[in-house]
Each structure stands twice: as C-alpha cells, then as structure tokens.
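Working notes, beginning with the structure itself.
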Amino acid sequence: MTRASQQDNDHDPKRRRLLRRAATVAATTAGAGVAAAVGMPGAAQAAPGDNLIMGTTNDAGGASTILTHTDSPLVLANPAGAPLRLVPSSGLYPHVLDSEAGTVAVDDQGDLFVRAGTDANPTNGWAWTSEWATTSVAVPPTRILDTRDANLRRNIVSGSLDSLNRLQPGVPIVLALDPYVRDGYAIKGNVTVVGMTGAGVLTVWGSGTKPTASTVNWATAGTILSNFLFTELGAVGAYRSVLTLQATSSPTHAIVDMTSLLVGHPSQVLLGGGA
C-alpha cells in the first residue's frame, strides 16, 4: 500500500466510526491527564488530555475527575433542563440572588442555596441540611420523670427534692435525657403537676439562667394540672441533653412525658423510631 493510500485510510470517517464501535473509551481525568480504557479486551486508550466523550461510557477507574475553573461561575449546560452552576462561595452574593432557575450553590457558612421555579417566576430558598436545620422525630410516649416514683426519679442528676420527693420552691433539679437522645436540640411532650400544697408556678427550661416565663401555674392546693411542653434542651457538665425544672411558692410533684425530640439528624434519637 502506498503512503498516500495509508493516509487516506487513516482519515476515512467511516473507518474512525468503525474503530469507535470496537470499544468504549474512558476519558482522562481533567487536569491530571490520566486515562483509563474500559470495555472489550484490547480497547483503545484515550490519549492524555482528551475530553469526556458524550454519549459513551466514561470511566476514570480509580482516578479522580477534577473540574477546574477560574473565579467566574462554572456552568454545566443541560439541554433537557436547567443548568448546574458551581459558584465559588467567596463570590456567592449578591449575583446568585438573580441567577437562573435551577441554580444550586453553597455559601461559606455551609448553607445550600437553591434558585427554584422558572426564570419568569423564580424563588430563592435554602435546602434543609443538618448544618443549621432541625427535624422533629416522634417517639413512643415515654415518661421520663415522676417524682412520686423512685424508678422514674433515676434521670435526676442534680438538685434535691423535699422529704416527700416533691420539688422544693426555688431549688432547681436537672433531668438528663442522654439515654434517649444524643446532643438533642429540644423536646416536645407534656408536663403535669400534682400534690401541691398551695398556689405556685413551675418553670421548665434547658440549662443556664432560669427564664421568667412559666410552664404551669396553679392557684390552689389539691389540683392536677397539665400543659404542653416544647422547650430547648441544654447541657450541664458531661450531660449533653438536659431539662431543668423549678417550682416557685409551693412544693409539688412533677411528671414529664416525652412525645418527640428535635435533632439535626434522626440517628441522634436513641429511642423508638429514631433508632
């Protein structure tokens, strides 16, 4: 065969298409120049620096595929829908607020920004992440305190009761919920007072300085009162999920029932559906 005919065969488009069908060519990793071939034995190997080939299987094997860009946003076009825009976090605001619908970006605080809707009627929002949001996990109704029951006083880790095991006015007790939740944010449930000797107030909070707000108020002795409880959990010493209870004016027994826990991720719940 002459040199001229050899060159003609090498540049024949039909021949090139035939060679492509013989194997699937893996693309190189961008910036690294490492290529890998997959498919049939003896498959052709992409030369270092080749691009990803659309419409074929591109497998980098054990190597990484790296996308590099300058300070301007990198836009990956999508003919079938909205493009994916990867925006440097240092240059996120304010232009991302006017970006195309379908934009997803992460700011320097770890929050995930989403530009949804359509270009004619867009909406800006934030995707749920455990970095800042919480989720409420329902648990089987669980009694975590009853000062009348020795077994249900076991979660008290600080403070003291009177001789009849009632809350003493002005003396806080701390209840640890670590057996039920790991680093919990808040609790939902019910709190009940019973066996009080006169008018009084019960306040339930997480930890730290006692708030001025009340959780349950009663005017006379001998009543039973309940109220919905939704309060932040605190931390004291080695205990990372605590409630603090304090009565004012008169001693009283207290009962706390838990129905839900607020956490960053359901795996933090150690009881019931969160386990």
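The values are calculated or read from the model by the stated rules, or taken from the named source; none is laboratory data. Just so we're clear, the structure is a prediction, and the values are computed from it rather than from any experiment. Here the Cβ positions follow ideal geometry from the backbone for every residue, glycine too, while neighbour counts run over all protein chains shown. Keep in mind that these areas ignore ligands, DNA and RNA; they rest on the heavy atoms of the full protein, side chains included. Shrake-Rupley method; radii C 1.70, N 1.55, O 1.52, S 1.80 Å.
Quick notes on this structure:
- Members of the stretch 154-184 that are open to solvent by less than 60 Å² (accessible area, probe 1.4 Å), under 30 Å from Pro266 (Cα atoms), out of contact with any Gly (no Cβ under 7 Å at 6 or more places or on another chain) and not in a strand (DSSP E or B): Asn155, Asp178, Tyr180, Gly184
- The stretch 103-141, residues that are touching a Lys or Arg at 6+ places or on another chain (Cβ under 9 Å) and either farther than 30 Å from Tyr180 by Cα or free of Cβ contacts under 8 Å to residues at least 24 places away in the same chain (or both): Thr103, Val104, Ala105, Arg115, Pro122, Thr123, Asn124, Gly125
- Evaluation of Leu261 against (1) more than 22 Å from the chain's Cα centre (by Cα); (2) part of a strand (DSSP E or B) (one fails), failing number: (1)
- Looking across the stretch 143-161 at every residue that is β-branched (Val, Ile, Thr) and within 33 Å of the chain's Cα centre (by Cα), the one that is nearest to Val256 (Cα to Cα) is identified as Ile144.
- Residue in the stretch 121-131 that is in contact with a helix residue (DSSP H, G or I) (Cβ under 7 Å, 6 or more places away or on another chain) and either open to solvent by less than 50 Å² (accessible area, probe 1.4 Å) or of a type outside the set (A, V, I, L, M, F, W, C) (or both) present: yes
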